[in-house]
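Read the structure below first, then the notes.
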Amino acid sequence: MKLLLVEDDFELVKSLKPALKKAGYAVEHSDNGIDGQFMGEEEPFDVIILDLGLPGKPGLEVLSNWRNEGLTMPVLILTARDSWHEKVDGLKAGADDYLGKPFHTEELLARLEALVRRKFGHADNQLRHCGVTLDIGEQSVINQKNESIKLTGIEFRLLHYLVMNPSRVISKTELSEHIYEEEQLKDSNVIEVYINRLRQYLGKDFIETRRGQGYHLKEK
Ligand code: CA
């Protein structure tokens, strides 16, 4: 899943980024409201963390602008501690959740997971498809032979995105938009390599190639 972090507190970003990556997100970061708003408009993020006190443009305005443009991605706002009116204003402007600073990283991660789950209509952290179970917390997959396989960052993000969208054909471009991080070369040709690796774990027919269109998970 691709995550945008809009936050100007350098120390917080320094501690959050590795934790978010470890939790399986491809993270992009902006330290001000102007670039942050633009990035949210230009790229299909699966979830966004938005600080309200930002240089350039206040977070609340950024959020209102996204929603006025019809953008529906889940947004969690970071508010000043005990500022109930910021929370109310944020929710009214279209935030899906909030967290007051300071917060525990574990709570942030749990709230993000819940937002992503809700976005794709899933009930818990174990996604099942045709005898395969993807464990989001462990970033591992249990295959049809009941073997548990620990996935690498890209393998996990790739399979996570496919299993979250089981009934669609997904193009290489869409996949690369949701799995690569900012410093990684967004090369959609490499996707094939990772797909083949997943096929080694899950069987050749688990992920079908639709020529000229993209990939589709095996039908139930
Ligand atoms: Ca701030």
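The values are calculated or read from the model by the stated rules, or taken from the named source; none is laboratory data. Keep in mind the model is a prediction, meaning the values are calculated, not measured. Backbone-built Cβ (ideal geometry, glycine too); neighbour counts: all protein chains shown. Please note that ligands, DNA and RNA were not included when accessible areas were found on the heavy atoms of the full protein model with its side chains. Shrake-Rupley method; radii C 1.70, N 1.55, O 1.52, S 1.80 Å.
Numbers for the structure displayed
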| quantity | calculated |
| --- | --- |
| Per residue accessible area in Å² of the range 2-120, where ligands, DNA and RNA are left out and the probe is 1.4 Å | 46 Å² |
| Nearest-ten-degree value, helix 33-42 long axis tilted from longest Cα axis of the chain | 30 degrees |
| Ordering of 166-178, 97-109 by burial proxy (mean other Cβ atoms within 10 Å per residue, highest first) | 166-178, 97-109 |
| Share of carbon and sulfur in the accessible heavy-atom surface of the chain [1.4 Å probe, %] | 49 percent |
| For the chain, share of DSSP beta bridges that run antiparallel, in % to the nearest 5 | 45 percent |
| Shape of the range 2-120, Cα gyration tensor, a/c cut at 1.5 | rounded |
| Two-site FRET efficiency, E138 against K220, from Cβ-Cβ distance with R₀ of 25 Å, rounded to 0.05 | 0.60 |
| Extreme residue, positive dipole direction of the chain, given options Y201, V62, V27 (C-beta unit charges) | Y201 |
| Degrees, to the nearest 10: 10-22 long Cα axis against longest axis of the chain | 20 degrees |
| The range 126-217 - accessible surface per residue (Å², probe 1.4 Å) | 49 Å² |
| Net dipole in debye of the range 2-120 [+1 Lys, Arg Cβ; -1 Asp, Glu Cβ; about Cα centre; nearest 20] | 420 debye |
